[in-house]
Amino acid sequence: MRRLAAACFALALALALAPATPAQAHAELVSASPAQGAALATAPAAVTLRFTEKLNPDFTTIVVSNAARQRIPASPPAVHDADGTITLEGLLPSGAYTVAYRVVSVDGHTVQGSYDFTVGAAAPPAAAGTRGGVPAGVLVAVGVLAVLLAAAGLTLSVSGRRRAAALTPAAPPTRPARPDPPA
């Protein structure tokens with residue numbers, strides 16, 4: 001029983017101290033057109049993002065902005081299964097652009113992030129790269145799981161000690177001394 005309690009405690013400790021990574025069950029961006037870091041000779045007419053899970057069309061946002069952080073006019077996102085696409089209105093001039101997205105998969109998990117691309121001979125934005133992160137729900141779930149496992153380990157440890165104490169034979173009860181009969 002002590003081994004089980006120790007294993008539960010070690011697992012809870014490992015989960016609490018391990019770096020959090022996105023759960024595989026959540027939607028993740030698998031491809032994009034234009035791609036992250038792409039240097040395009042001509043402006044794209046649309047931006048398409050593909051995820052690992054189907055998207056909820058009511059909660060899909062895709063935005064393109066220029067280096068001055070001004071939003072580029074585009075159509076509302078068209079969602080087909082795991083793909084979200086916006087059509088850009090007009091041609092983009094040479095420059096650096098950021099694609100930002102916030103999507104909710106059909107299982108209810110929110111994923112957001114951004115990436116940069118350039119058109120023409122423009123320099124990439126100063127903060128190039130993906131600016132996403134671990135969704136807050138994943139961090140909360142890992143924390144809750146660690147606390148539950150720690151509580152389970154503690155419960156097993158305490159209940160194991162109680163069972164061991166209950167199974168240990170007790171000393172036979174002693175009878176109180178009888179008073180001597182009157183003489």
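Of 23, 35, 14, 68, all but one fail to be surrounded by 13 or more Cβ atoms within 10 Å (Cβ to Cβ) and either assigned to a loop (DSSP other than H, G, I, E, B) or at pLDDT below 95 (or both); the exception is 23. The number of residues in segment 43-65 that are closer than 12 Å to residue 83 by Cα and in a loop (DSSP other than H, G, I, E, B) comes to 3.
Give the residues of segment 37-74 that are more than 19 Å from residue 114 (Cβ to Cβ) and without any contact (Cβ under 8 Å) to a residue 60 or more places away in the chain, sorted by residue number. Answer for segment 37-74, where residues must be more than 19 Å from residue 114 (Cβ to Cβ) and without any contact (Cβ under 8 Å) to a residue 60 or more places away in the chain: 45, 53, 54, 56, 57, 58.
The values are calculated or read from the model by the stated rules, or taken from the named source; none is laboratory data. Quick caveat: nothing in here was measured; it's all calculated off a predicted structure. Cβ coordinates were reconstructed from backbone atoms using ideal geometry, including for glycine residues, and neighbour counts include every protein chain displayed.
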